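The structure appears right after this line, and notes come after that.
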Amino acid sequence: MEAINASIDFDRRLYAEDIAGSVAHVTMLAAQGIVTQEDAVAITEGLHRVRDEIEAGGFPFDRALEDIHMNIEARLAALIGPAAGRLHTARSRNDQVATDLRLWLRARLDQADEACRGLQAALIDRAEEHVATVMPGFTHLQVAQPVSLGHHLLAYVEMIGRDRGRLADCRGRLNESPLGAAALAGTSFPIDRAMTAELLGFDRPSANSIDAVSDRDFVVEALAAASLVAMHLSRLAEELVLWSSAQFGFIALSDRFSTGSSIMPQKRNPDAAELVRGKTGRIVGALIGVLIVMKGLALTYSKDMQEDKEPLFDAFDSLALCLTAATGMVRDMTVKADAMARAAGTGHATATDLADWLVQKVGVPFREAHTITGQIVKLADEKGCDLKDLALADLRGIEPRINADVVALLDPAQAIARRTSEGGTAPSEVAKQVARARQRFL
């Protein structure tokens, strides 16, 4: 029973939040005349001593006391005597733990937002550096059209920007104080819930005492937001894995974010990227785990809800690590622009530009232009070359109206320069996107 019931092995992480909540609570109790000012001072000073002991590493955690709340209260009693027993007046462990967890998660959401901002800064810096660096854009992982590397990196800036919006939304919704809800029904003591909410930086007290102690929506929502961040990091990591392979050769990761093989001396493995990709499973798994814990619980509190903490703690630990690693890889990676440019010239990446030219300059309908271009692509395949390597006579043999202007058209750098629509890949437009991204996110 002790082994299954105790949570102190993991909820000890909530010590700072638990002490902050207790200090706010006893301050309010004294202000309301529920405890004496003398007892409030003794309790507050004792709680600060407990915090110092924990942070110094000398605190005697006891599994028999089950959780961080009872461990702190027992130690407080040992330090200051019977006055410690007044601290728990007008509250329960139910509203206490809900308060602690909201305080802990609020801080982690702020940290995650700052880490996301740091990743955006790294991506924007590299995008600015590579506004005009040509690379192949892909659909279905097949060469589609040439794009700017800067443009490609800015796509992740947008993803992370949406993630930050979700983190902020989650923070706003969780920032209500459960303290004073007590076990589930409130209390008969004349407490001031608005005071404790203000002392702890909450926007307001929770409106319903039953909901206050039974709600873990904020945990689920935070894990959902974290899962989306992790999913975006995993997509970035997958591209770094591909791009650093010999088959792509687009980038090289530094020794700080890659490892060697135990048997193959030539290897440089993108382990940091692979682990970012892998840890996404842990974060998404945490979301699913908490959803399953909560799905069948009648109101209000049940001990099942103790199972929210380990996955939440692990998920945000993993997310912080992944964000740091991703930011480091983006800043450290060496871009091999020549390899990217060569790849952008393969796979008939400028075929759409040829079709667009036929529409704009010759006046044929797009579907006819698509058919003509397809025939030219087939000819290039038969000759074993790319579009840009076909002679003008070969092109005119399929469509006599093609002229020498098409030769420049088939150059990937020229192709991206023409895509000047808002949000497009032209270097002039990407430079504008960089400037806007700095203003919006940094």
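A few remarks follow.
- Apart from one condition, residue 245 fits all of (1) without any contact (Cβ under 8 Å) to a residue 24 or more places away in the chain; (2) farther than 30 Å from residue 336 by Cα; (3) part of a loop (DSSP other than H, G, I, E, B); the exception is (2).
- Matching residues in the range 289-306 - criterion: being in a helix (DSSP H, G or I) and in contact (Cβ under 8 Å) with a residue 12 or more places away in the chain: 289, 290, 291, 293, 294, 303, 305, 306
- Flag if residue 349 is of a type outside the set (S, T, N, Q) and at pLDDT 95 or above: no
- The test for being open to solvent by less than 10 Å² (accessible area, probe 1.4 Å) and either in a helix (DSSP H, G or I) or modelled with pLDDT under 95 (or both) holds for residue 226.
- Number of residues in the range 385-408 that are free of Cβ contacts under 8 Å to residues at least 40 places away in the same chain, open to solvent by less than 50 Å² (accessible area, probe 1.4 Å) and not aliphatic (A, V, I, L, M) equals 2.
- For the residues 111, 120, the requirement of being polar (S, T, N, Q), at pLDDT 95 or above and open to solvent by 60 Å² or more (accessible area, probe 1.4 Å) singles out 111.
- Qualifying residue in the range 352-368 (condition: at pLDDT below 90 and small (Gly, Ala, Ser)): yes
- Filtered by the rule that a residue be modelled with pLDDT of 95 or more and either among the polar types (S, T, N, Q) or open to solvent by 40 Å² or more (accessible area, probe 1.4 Å) (or both), the range 248-261 gives a lone residue, 248.
- Residue among 143, 134 that alone is touching a strand residue (DSSP E or B) at 6+ places or on another chain (Cβ under 9 Å), under 24 Å from residue 425 (Cα atoms) and open to solvent by 30 Å² or more (accessible area, probe 1.4 Å): 143
- Every condition in (1) at pLDDT 95 or above; (2) surrounded by fewer than 24 Cβ atoms within 10 Å (Cβ to Cβ); (3) closer than 21 Å to residue 311 by Cβ is met by residue 96 except one, and the failing one is (2).
- Just one of the listed residues (213, 220) is open to solvent by 10 Å² or more (accessible area, probe 1.4 Å), modelled with pLDDT of 95 or more and β-branched (Val, Ile, Thr), namely 220.
- Residue 308 being open to solvent by 10 Å² or more (accessible area, probe 1.4 Å), more than 30 Å from residue 250 (Cα to Cα) and either within 28 Å of the chain's Cα centre (by Cα) or at pLDDT below 95 (or both): no
- Taken over the range 366-409, the residue count meeting the criterion of being in contact with a helix residue (DSSP H, G or I) (Cβ under 7 Å, 6 or more places away or on another chain) and not in a helix (DSSP H, G or I) is 6.
- Selected residue [farther than 30 Å from residue 163 by Cα, under 39 Å from the mean Cα position of the chain (by Cα) and outside any helix (DSSP H, G or I)] from 58, 33: 58
- Residues of the range 194-205 classified as in contact (Cβ under 8 Å) with a residue 60 or more places away in the chain and within 10 Å of residue 180 (Cβ to Cβ), total: 2
- Taken over the range 367-384, the criterion of being open to solvent by less than 90 Å² (accessible area, probe 1.4 Å) and either at negative phi or touching a residue at least 24 places away in the same chain (Cβ under 8 Å) (or both) is satisfied by 368, 369, 371, 372, 373, 374, 376, 377, 379, 380.
- Of all residues in the range 410-425 being assigned to a helix (DSSP H, G or I) and among the small types (Gly, Ala, Ser), the one that is nearest to residue 339 (Cα to Cα): 413
The values are calculated or read from the model by the stated rules, or taken from the named source; none is laboratory data. Computed from a predicted structure; not experimentally measured. Cβ: placed from backbone, ideal geometry, glycine included. Neighbour counts: every protein chain shown. The accessibility values were calculated without ligands, DNA or RNA, using every heavy atom of the protein model including side chains. Shrake-Rupley method; radii C 1.70, N 1.55, O 1.52, S 1.80 Å.
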